């Protein structure tokens, strides 16, 4: 006759985390079983605390069962069937380890007598004359979410852009990013956790973190950026004015009309760290000049290259992190570098010069 054990625990502290990789799953599982006050798990000594636990002994009263943990972020029914079938001929029973155990997955494991545990402390173990069926522990709220498809688009890019405004800053908090980016706390948390998991940032305390690989993050942004999809462009021609004169006229128009504007590409790179002479004046604008303003600016719409390029961004986050140089409002350094990729007219050369300059991404 089976014995039924029901354990109740009072939470000492709360854990609320999103799991996105098997490495995170393994780390938190090991922390769970090492700190478990009611169930006894014996782990063989291992060289590294993040090393995958492959052999585990569960002890309860005078009973002892050996398990072989099988880690899965979100197992399908087919995968669970495969794990269940693999127990035949093995001395160690499989123990399915998941971030969060939902009711459907639990019932599927129950029907097959497959032991399962999640990071919230939910446990189901069935063996001859033994049944352990514990609910999740209070205060633990682990869950699995897929990695963001692209952290360099829309409001997600705001977070990366803000972090790259100050490469020498020691510590950031998620609350600061919520305030600076106007993004939701949930989105900020997901993106920060992604950056930490990818090695672009490191946690410095329970509430703070810092960038650890600025160059790698800029490279990833360049690779993940799709400039044509995130902007629409209008090109204009004019006569006589230099790129800098055109920039000043556009700045005056934007100030008078209260239109958010941020210069980018050649003119912005040159103003931040002169390397190549700008030929085109380009800027992000919240809206295009109307016909009267175009006449005043002496700008004529064209379909070819032109001298002025105005970009309407799909997200106005490009206007949140700017700086004034010679009374002209520039996009952030990292944004300028990203925007110069694939432009021609020695744009990539200007981008590289800006990146290697000691003032790059510094306040």
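What follows draws every value from the coordinates through simple rules; no lab data is involved. Predicted, not measured: the structure shown is a model, and the values here were computed from it. Cβ: placed from backbone, ideal geometry, glycine included. Neighbour counts: every protein chain shown.
Per-structure values
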read-out	value
Computed [θ] at 222 nm, deg cm²/dmol, the chain (DSSP H ≥ 4; -39,500 (n - 2.57); rounded to nearest 500)	-10000 deg cm²/dmol
FRET efficiency for residue 141 and residue 242, using Cβ-Cβ distance with R0 set to 56 Å, rounded to 0.05	0.45
Inter-label distance, nm, simple model (7 Å from Cα along the C-beta direction), residue 304/residue 203	5.8 nm
Between helix 243-257 and the chain: long-axis angle, C-alpha atoms, 0 to 90°, nearest 10	70 degrees
Among 266-275, 328-337, 127-136, 195-204, the order from most to least packed when residues are scored by Cβ within 10 Å on average	328-337, 266-275, 195-204, 127-136
Share, in percent, of DSSP beta bridges within the chain that are antiparallel, nearest 5	65 percent
Estimated distance in nm for a label pair at residue 227 and residue 92, the labels positioned 7 Å out from Cα along Cα-to-Cβ	5.3 nm
Cα→Cβ-extended label distance, 7 Å offset, between residue 36 and residue 255, nm	6.7 nm
Net lengthening on full extension, residue 61/residue 173 (0.36 nm per residue, minus Cα-Cα)	35.8 nm
C-alpha center-to-center spacing [segment 289-341, segment 63-85] in angstrom	55 Å
Cα long-axis angle, helix 185-197 against the chain (0 to 90 degrees, to the nearest 10)	80 degrees
Calculated FRET value between residue 315 and residue 103, using beta carbons and R₀ = 35 Å, to 0.05	0.35
Relative contact order of segment 256-312, pairs being alpha-carbon contacts under 8 Å that are 6 or more residues apart, as %	37 percent
Length-normalised contact order of the chain in % [C-alpha pairs under 8 Å, at least 6 apart]	14 percent
Mean Cβ neighbour count within 10 Å, used as a protection proxy, ranking 186-192, 228-234 highest first	186-192, 228-234
Under 16 Å from the residue 212 label point (7 Å along Cα→beta-carbon), backbone N, segment 185-203	192-203
Rounded to 5, percent antiparallel among DSSP beta bridges of segment 227-356	75 percent
Given (i) 23.2; (ii) 17.1; (iii) 19.6, the label whose value is mean projected area of the Cα convex hull in nm² derived from this model	(i)
Crossing angle, helix 154-163 versus the chain [Cα axis fit, 0-90 degrees, rounded to tens]	90 degrees
Segment 154-224 - Kirkwood radius from inverse mean 1/r over Cα pairs (Å)	12.0 Å
